[in-house]
Each structure stands twice: as C-alpha cells, then as structure tokens.
1. Once both labels are modelled 7 Å past Cα along the beta-carbon direction, what's the residue 108-residue 86 spacing in nm?
2. Given the Cα-Cα distance of residue 150 and residue 31 and 0.36 nm per residue of separation, how much length would full extension add, in nm?
C-alpha cells in the first residue's frame with residue numbers, strides 16, 4: 001500500500017512494538033481496557049499510540065525489556081481545537097456543531113494549528129489521516145492522557161492491534177515530546193516539507209477552522225455572548241445571529257448619525273448653511289465611502 005504521508009513508514013513491523021506505533025481500537029483492546037481502565041474506552045478515543053521507547057520494547061526471549069508499556073489516547077483533531085478554543089474563552093458558544101469565534105482571535109487558533117501540524121505542541125502529537133489504514137480523520141495523541149499496561153501480559157495484544165508505524169525521525173520527535181528534553185529533534189515540517197509554498201500550508205490550516213468554527217465580526221460575537229449569558233446557555237441559533245447582526249448594524253448607524261451631526265455642527269460654526277444645504281451635506285457625508293470608514297474607526 002502506498003504511503004500517503006511522510007510521518008509514517010510504508011512497511012509495518014507486525015511482530016514487534018516501536019515507539020509511536022498507532023494501535024487500532026479493536027475488540028480485544030476494548031475488552032481488556034474496560035476491565036482495568038474503563039474510562040479509557042470513550043467513544044472519541046479512536047486509536048492509541050505507544051509512548052514507551054523502542055529500546056525498552058525490545059524482546060528478550062520473547063519478553064519485552066520494560067515492565068510496563070505506556071499508551072496515549074488518540075482523538076480527532078477537532079477535539080484538540082475545541083479544547084484550545086475553550087481554554088482561550090471558556091464562555092465560547094455554539095451554533096449547532098460549530099463554535100462561534102471572533103475574527104480578531106482567529107490568529108490564536110491558526111498559530112495553535114501551525115504548531116500542532118509541525119509537531120511542536122508540547123501536549124499533542126499530530127497524526128495525518130490515513131483512511132486506508134483505519135485512521136479516518138486528522139487526529140492527535142493527547143500525550144498527557146496516557147496509561148500504563150503490564151508489558152508481559154499485554155504486549156501481544158498491542159502488537160495485534162498495530163496498524164501504522166512512525167518514520168524513525170518522528171519516533172525520535174515523539175520521544176522528545178514525551179521526555180520534555182531540552183534539545184529539539186529536527187524533523188521535516190509540514191511547511192516547507194509536505195507542502196512547498198506558504199499559501200498551501202495556510203489553506204491546510206484553514207480547513208479545520210472552517211469545519212469546526214464560525215468566525216464572526218467582533219461586535220456580532222459580543223452581542224451574541226451577551227444573549228447567551230442572559231439565557232445561561234452555550235447554544236445560539238441562526239435567528240439570534242441575524243438579530244445580533246441587526247443590533248450591531250443599528251448601533252453603527254446611530255453612532256455614524258451622531259458623528260455626522262457633530263461634524264455638521266462644527267462646519268456650521270465657520271460657515272452659514274441653509275436648511276437645504278445642510279440636508280445635502282448630510283446626504284454626501286452619509287454616503288461617502290471614505291467618510292463612513294473614518295466614522296467606523
């Protein structure tokens with residue numbers, strides 16, 4: 001099968017475990033984890049990743065060197081994005097499956113994704129989707145969400161669940177993240193690497209935001225947030241967004257009208273305006289694009 005991402009190897013060692021191996025959430029794993037770590041079989045834990053170093057996983061007379069094998073939960077990328085969003089604003093609210101988000105804070109989500117895709121985020125390890133191998137969507141390991149299993153008892157079970165193997169450089173990168181070392185392991189970045197131009201990389205980063213977040217103008221977001229707090233809910237509907245947009249538009253028009261009144265008063269101090277001239281001047285000021293932009297700012 002053709003490899004579809006530089007993070008992984010084309011060939012998988014089906015007899016041995018290595019650091020970074022991606023494990024299928026099969027029936028055997030679910031059965032065993034349900035007994036010893038029942039919280040670890042949640043629906044959005046789609047796969048697991050081996051965190052233990054490869055040298056400690058080496059077999060000696062059929063028994064691994066280490067006593068315990070540490071695995072981390074793999075969850076969809078959208079879960080990590082959602083948690084990052086809520087860590088920035090715990091009062092963030094949703095429209096159906098999309099989180100609403102102000103446009104001025106969008107760069108913080110983009111920067112999180114930039115770090116994640118290049119595997120420079122200390123809490124997650126990015127895993128590009130590989131549907132042919134069962135990894136149906138872009139995901140990441142939650143490195144702090146890990147458990148230890150007895151190596152001698154569970155090694156074979158984990159090998160049987162192995163589906164994807166990391167490239168050697170990315171095994172080292174994962175080891176660096178897990179060990180929180182002080183030296184940076186050099187690995188191929190998404191850009192430049194997987195994609196060669198910055199614009200294409202920015203489009204890749206835009207995809208998970210578009211799929212999971214509704215970006216709103218700051219004033220509209222502020223109005224909606226007020227309504228959510230009044231109702232003690234984190235949900236809004238399209239009608240409320242339309243209403244918030246109307247409120248913002250009305251406030252802007254009122255602000256602009258008051259500013260034009262003040263401007264006409266200032267002009268009247270230096271020149272006498274007849275009633276008809278004042279009306280005509282108001283129409284010019286209200287429709288002039290440069291004036292309207294200046295009044296908004």
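1. 1.6 nm
2. Taking residue 150 through residue 31 to full extension adds about 41.3 nm, to one decimal.
None of the figures in this text is laboratory data; all of them are computed from the coordinates on show. Keep in mind the model is a prediction, meaning the values are calculated, not measured. Glycine gets a Cβ as well: all are built from the backbone with ideal geometry, and neighbour counts include every protein chain shown.
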